[in-house]
Amino acid sequence: MKMAVITFPGSNCDYDLYKAVQQVGGEATFVWHRQRSLHGYDAVMLPGGFSYGDYLRAGAIARLSPVMESVVAFARSGGPVLGVCNGFQILCEAGLLPGALVRNASLRFESRDVHLRVERQDTLFTSEYDAGAVLRVPIAHGDGNYQADDDTLERLEGEGRVVFRYVDPTGTVTPDANPNGSWGNIAGIVSADGNVLGMMPHPERAMESLLGSADGIGVFTSLVKSLSTAAV
């Protein structure tokens, strides 16, 4: 499976995604933000970092990069797209996911491990997890506070589009488990068609138990398995 890892000026997690894809048997290629074609790729990934220095607001300038026209077309044609941290912010700015990521409620940059509950197993990105599983995955962001208008939030919850939620180690949703103030402890959502996932925590940094956690690997094994099944 061939996956494009988009690199913007200021991206700093692109290599992490590249290695995560390789670890699960996929083929990853870096695609510079000025490139316009995504022909031949099976999936697209937008990495974390600080694209364009987060000027204006996180992801606002990156979504105007030449490659984003192709990313939007790829997503709207049904192609799988994963956006992590800054990638999630870019997906929202590009209109591929609703809502916005705003300043953390603490007004501080938060960098630590958090616990996530897998809310859905039936997505391209979570099929290798059990629904309700609790994962330990790191975060590193200053603008990870997910917000949207009431109608959008009601729709996301009603349509089951919340894929990951911040919880305590027992899997319980609590205010203390929420690292940034996100409404409803939302950590990750999917598009209406289920092919675009945005999440603030970094699964690509949770691939080795030796480094603290291997709980993120399921995001990538799920995607590879979904793509392999679709290719048969």
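Which of the residues that make up segment 185-208 are assigned to a loop (DSSP other than H, G, I, E, B) and either touching a Phe, Trp or Tyr at 6+ places or on another chain (Cβ under 8 Å) or in contact (Cβ under 8 Å) with a residue 40 or more places away in the chain (or both)?
Correct list: S191, D193, G194, N195, M200, P201, H202, A206, M207.
Considering S106, S77, which residue is within 22 Å of N178 (Cβ to Cβ) and loosely packed, with under 15 Cβ neighbours inside 10 Å?
The unique qualifying residue is S106.
Testing S213 on (1) over 15 Å from V118 (Cα atoms); (2) surrounded by fewer than 20 Cβ atoms within 10 Å (Cβ to Cβ); (3) without any contact (Cβ under 8 Å) to a residue 60 or more places away in the chain, one condition comes back false. Which one is that?
S213 satisfies all of (1) over 15 Å from V118 (Cα atoms); (2) surrounded by fewer than 20 Cβ atoms within 10 Å (Cβ to Cβ); (3) without any contact (Cβ under 8 Å) to a residue 60 or more places away in the chain except (3).
Taking the residues in segment 170-179 that are closer than 20 Å to E154 by Cα and in contact (Cβ under 8 Å) with a residue 12 or more places away in the chain as candidates, determine which candidate is surrounded by the most Cβ atoms within 10 Å (Cβ to Cβ).
Ranking the candidates gives N178 first.
Take the residues in segment 88-98 that are closer than 20 Å to G181 by Cβ and touching a strand residue (DSSP E or B) at 6+ places or on another chain (Cβ under 6 Å), then tell me which one is surrounded by the fewest Cβ atoms within 10 Å (Cβ to Cβ). Lay out the reasoning, then the answer.
Taking segment 88-98 and keeping what is closer than 20 Å to G181 by Cβ, we get 88-89, 91-93, 97-98.
Okay, now just the ones that are also touching a strand residue (DSSP E or B) at 6+ places or on another chain (Cβ under 6 Å), so 88-89, 91-92, 97.
On the way: F88: 29, Q89: 31, L91: 30, C92: 23, L97: 28.
Among those that are closer than 20 Å to G181 by Cβ and touching a strand residue (DSSP E or B) at 6+ places or on another chain (Cβ under 6 Å), it is C92.
Of the residues that sit in segment 193-210 and are surrounded by fewer than 16 Cβ atoms within 10 Å (Cβ to Cβ) and of a type in the set (D, E), which one is nearest to the chain's Cα centre (by Cα)? Break it down stepwise before answering.
Filtering segment 193-210 down to residues surrounded by fewer than 16 Cβ atoms within 10 Å (Cβ to Cβ) leaves 193, 208-210.
Adding the requirement that they be of a type in the set (D, E) leaves 193, 208.
Numbers: D193: 16, E208: 19 Å.
Filtering first and then ranking leaves D193.
Farther than 24 Å from D54 by Cβ, out of contact with any strand residue (DSSP E or B) (no Cβ under 7 Å at 6 or more places or on another chain) and loosely packed, with under 13 Cβ neighbours inside 10 Å - does that describe any residue in segment 111-127?
Yes, some residue in segment 111-127 is farther than 24 Å from D54 by Cβ, out of contact with any strand residue (DSSP E or B) (no Cβ under 7 Å at 6 or more places or on another chain) and loosely packed, with under 13 Cβ neighbours inside 10 Å.
Give the residues of segment 75-95 that are farther than 20 Å from G184 by Cβ and assigned to a loop (DSSP other than H, G, I, E, B), sorted by residue number.
Result: S77, G78, G79, P80, A94, G95.
Go through the residues of segment 59-74 one by one and say whether even a single one is over 20 Å from T123 (Cα atoms), of a type outside the set (K, R), within 17 Å of the chain's Cα centre (by Cα) and assigned to a loop (DSSP other than H, G, I, E, B). Steps first, please.
From segment 59-74, those over 20 Å from T123 (Cα atoms) are 59-70, 73; that's our starting set.
Going one step further and asking which of them are of a type outside the set (K, R), we end up with 59-62, 64-70, 73.
From the residues that got through so far, the ones that are within 17 Å of the chain's Cα centre (by Cα) too are 59-60, 62, 68.
Subset that is assigned to a loop (DSSP other than H, G, I, E, B): 59-60.
The answer is yes, given that some residue of segment 59-74 is over 20 Å from T123 (Cα atoms), of a type outside the set (K, R), within 17 Å of the chain's Cα centre (by Cα) and assigned to a loop (DSSP other than H, G, I, E, B).
Go through segment 128-154 and give me each residue that's surrounded by 13 or more Cβ atoms within 10 Å (Cβ to Cβ), out of contact with any Ser or Thr (no Cβ under 6 Å at 6 or more places or on another chain) and over 28 Å from D54 (Cβ atoms).
Result: Y129, A133, V134.
So, D16, is that one acidic (D, E) and in contact with a helix residue (DSSP H, G or I) (Cβ under 7 Å, 6 or more places away or on another chain) or not?
Here the answer is yes, as D16 does meet what is asked.
Would segment 2-15 turn up any residue that is out of contact with any Phe, Trp or Tyr (no Cβ under 7 Å at 6 or more places or on another chain), assigned to a helix (DSSP H, G or I) and either within 22 Å of A58 (Cβ to Cβ) or not aromatic (F, W, Y) (or both)?
Yes, that holds for at least one residue.
When you check S37 against the structure, is it surrounded by 18 or more Cβ atoms within 10 Å (Cβ to Cβ) and either touching a helix residue (DSSP H, G or I) at 6+ places or on another chain (Cβ under 9 Å) or of a type in the set (A, V, I, L, M) (or both), yes or no?
No: the conditions fail for S37.
What number of residues within segment 92-117 are under 17 Å from P203 (Cα atoms) and not polar (S, T, N, Q)?
Residues flagged as under 17 Å from P203 (Cα atoms) and not polar (S, T, N, Q) within segment 92-117 amount to 7.
From V190, V167, grab the single residue that is more than 17 Å from the chain's Cα centre (by Cα), surrounded by 15 or more Cβ atoms within 10 Å (Cβ to Cβ) and under 24 Å from C13 (Cβ atoms).
V167 is the lone residue from the list that is more than 17 Å from the chain's Cα centre (by Cα), surrounded by 15 or more Cβ atoms within 10 Å (Cβ to Cβ) and under 24 Å from C13 (Cβ atoms).
None of the figures in this text is laboratory data; all of them are computed from the coordinates on show. Keep in mind it's a predicted model, so treat the numbers as computed, not measured. Here the Cβ is made from the backbone with ideal geometry for all residues, glycine too, and neighbour counts use every protein chain on show.
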